[in-house]
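Just below is one structure, and these are the notes that go with it.
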Amino acid sequence: MAIVENKQAVVIVGGGPVGLVLALSMQQQGLPFKVLEAHKQGANYQDKRALALSYGSKMILESLGVWQQLAPQVTMIKTIHVSQRGSLGRTKLQAAEYDLPALGYVVSYGAMIQALDSAFDADHILYEASATAIYQDNQVARVDYCIAGKDAFFETPLLVIAEGGRGLNNMPSLKRDMKAYGHDALVSKVRCEASHHHIAYERFTPSGPMALLPNGEHDFSLVWTGEKALIDRLLSLDDATFLAELHGAFGNRVGRFLSVQKRLSFPLIKSQLSDNTTPHMVVIGNSAQTMHPVAGQGFNVGLRDATTLMRQLSVSPQVDWGSPAMLEIYAKMRARDTKGGLLFTDFLVSTFNNDLIGISGLRSFGLGLLDVLPSAKQWLVSKMSYGK
Ligand SMILES: Cc1cc2nc3c(=O)[nH]c(=O)nc-3n(C[C@H](O)[C@H](O)[C@H](O)COP(=O)(O)OP(=O)(O)OC[C@H]3O[C@@H](n4cnc5c(N)ncnc54)[C@H](O)[C@@H]3O)c2cc1C
């Protein structure tokens, strides 16, 4: 086993978008860090899953100088159209009404990773380096990893866990509030007859919410949620039958659906750390919280984890990195935003998703009300654009 030279470096486990945003901010401030990433470089560049970015996340990426490279691959959301199956209630949120260039942006996961990767000095990231176990005490944290078939470890004043929630051996048992929604999400890309005009569609159906996000010149990214049995059945259909069912569930707003790419699914789980203050270790991004994709909040909350931690590192002397005092301030700074994201998401899921008799009238009333209450719409836009 080899010990790394710089024991002052922050070690980030996971070179996903959240870990990389933290790492890039550290690089730009000249602060010492290392990233351990299990995949080889470029392995994710073709990952077509859509990330929904808020206006606030765009500003973060702009300040890091990454947006400029990403911009040609980004699709703007200028309008969000919210509707419900089986009711006339609907509302439209429009960027122009709020003096915003866009309400959000859609970019593929692979394009995001590639843009971030290309901004790094090569020796800061160890690719194909899998963290295998972590340990920590009051002095230091240690992470064991495996690279090219060899075992090694780092000691660090601050170990940042950004591995997307896959789980690591010996991870201290942090308290976590968890709720399985009992639903899965099916994600894919679809092409339809009409062009998208930069409109994102959110549709609440009795079986679960679905969304079409404009992605590219002609395509939409689809997120279709529902009970696992429904999603499993939708996954098993041939393309033509799937597209016909999608048309049935979505209505005729974008015309017929013409083609669908590979369909994937994942379970929807709400999870949040109730304690994120273990000495010399902090958990960020999807490792720290996951939420229902209906409001497009999860990834944006993760990015704000990274930028808040960066701010905390830059104002703390290096001897204090990973100290209980520093981590407590970080945890306090994040608690409100994370809780807000989860509550907002839960609010949307439960308000518009309830299939009890009589409630659908209320939902429809709620959407109609949004259309005539400027302050409620302003709140919705501000929550989606900035998370506050
Ligand atoms: C199938 C799927 C579809 C999704 N679709 C959408 C969507 O449509 N819209 C949306 O907004 N969000 C979507 N999400 C959620 C979105 O992907 C996450 O919000 C976002 O990726 C979180 O970023 P992260 O950096 O925290 O974690 P991740 O993106 O998961 O990155 C974690 C990184 O850590 C690495 N890693 C893991 N274990 C180790 C280890 N032991 N050692 C070293 N490295 C390790 C992984 O290789 C990975 O690169 C989807 C998620 C999934 C799983």
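Considering 105, 45, the condition of being among the aromatic types (Phe, Trp, Tyr) and in a loop (DSSP other than H, G, I, E, B) is satisfied by 45 alone.
Of the set (1) closer than 30 Å to residue 153 by Cβ; (2) of a type in the set (Lys, Arg); (3) touching a Pro at 6+ places or on another chain (Cβ under 8 Å), all apply to residue 40 but (3). Scan the range 269-288 residue by residue and report those that are at pLDDT below 90 and crowded, with 23+ Cβ neighbours inside 10 Å. Correct list: 276 only. Residues in the range 246-269 that are in a strand (DSSP E or B) and within 13 Å of the ligand (Cβ to nearest atom): 264, 265, 266, 267, 268, 269.
Of all residues in the range 232-264, those being within 21 Å of the chain's Cα centre (by Cα) and open to solvent by less than 60 Å² (accessible area, probe 1.4 Å) number 1. Within the range 225-243, being in a helix (DSSP H, G or I) and closer than 19 Å to residue 84 by Cα holds for one residue alone: 230.
Is one or more of the residues making up the range 311-333 more than 11 Å from the chain's Cα centre (by Cα), within 14 Å of the ligand (Cβ to nearest atom) and surrounded by 15 or more Cβ atoms within 10 Å (Cβ to Cβ)? Checked the range 311-333: no residue is more than 11 Å from the chain's Cα centre (by Cα), within 14 Å of the ligand (Cβ to nearest atom) and surrounded by 15 or more Cβ atoms within 10 Å (Cβ to Cβ). Put simply, of 84, 114 the only residue that is crowded, with 16+ Cβ neighbours inside 10 Å, more than 22 Å from residue 25 (Cβ to Cβ) and touching a Phe, Trp or Tyr at 6+ places or on another chain (Cβ under 7 Å) is 84. Taking the criterion of being more than 6 Å from the ligand (Cβ to nearest atom) and either open to solvent by less than 10 Å² (accessible area, probe 1.4 Å) or within 17 Å of the chain's Cα centre (by Cα) (or both), the residues of the range 13-32 that qualify are 20, 21, 22, 23, 24, 26. Once the range 53-73 is narrowed to residues that are outside any helix (DSSP H, G or I) and open to solvent by less than 30 Å² (accessible area, probe 1.4 Å), the residue that is nearest to the ligand (Cβ to nearest atom) is 53.
Among the criteria (1) within 13 Å of the ligand (Cβ to nearest atom); (2) closer than 23 Å to residue 53 by Cβ; (3) part of a strand (DSSP E or B), the one residue 272 does not fulfil is (1).
Any residue at all in the range 196-209 that is crowded, with 20+ Cβ neighbours inside 10 Å, outside the structural domain of residue 304 (by TED's automatic domain parsing) and in contact with an Asp or Glu (Cβ under 6 Å, 6 or more places away or on another chain)? No, every residue in the range 196-209 fails to be crowded, with 20+ Cβ neighbours inside 10 Å, outside the structural domain of residue 304 (by TED's automatic domain parsing) and in contact with an Asp or Glu (Cβ under 6 Å, 6 or more places away or on another chain).
Every condition in (1) assigned by TED's automatic domain parsing to the domain that holds residue 249; (2) surrounded by fewer than 22 Cβ atoms within 10 Å (Cβ to Cβ); (3) under 25 Å from the mean Cα position of the chain (by Cα); (4) not hydrophobic (A, V, I, L, M, F, W, C) is met by residue 97 except one, and the failing one is (3).
Sub-8 Å Cβ pairs linking a first residue in the range 246-273 that is among the hydroxyl-bearing types (Ser, Thr, Tyr) to a second residue that is not in a strand (DSSP E or B), at least 6 apart or interchain, are 259/239; 259/243; 265/231; 265/232; 265/235; 271/165, ordered by first then second residue.
The values are calculated or read from the model by the stated rules, or taken from the named source; none is laboratory data. Only a predicted model underlies this, so the values are computations on that prediction, with no experimental measurement involved. Note: ideal-geometry Cβ built from the backbone for every residue, glycine included; neighbour counts use all protein chains shown. For the accessible areas, the whole protein counts, side chains as well, though only heavy atoms, and no ligand, DNA or RNA atoms are used. Shrake-Rupley method; radii C 1.70, N 1.55, O 1.52, S 1.80 Å.
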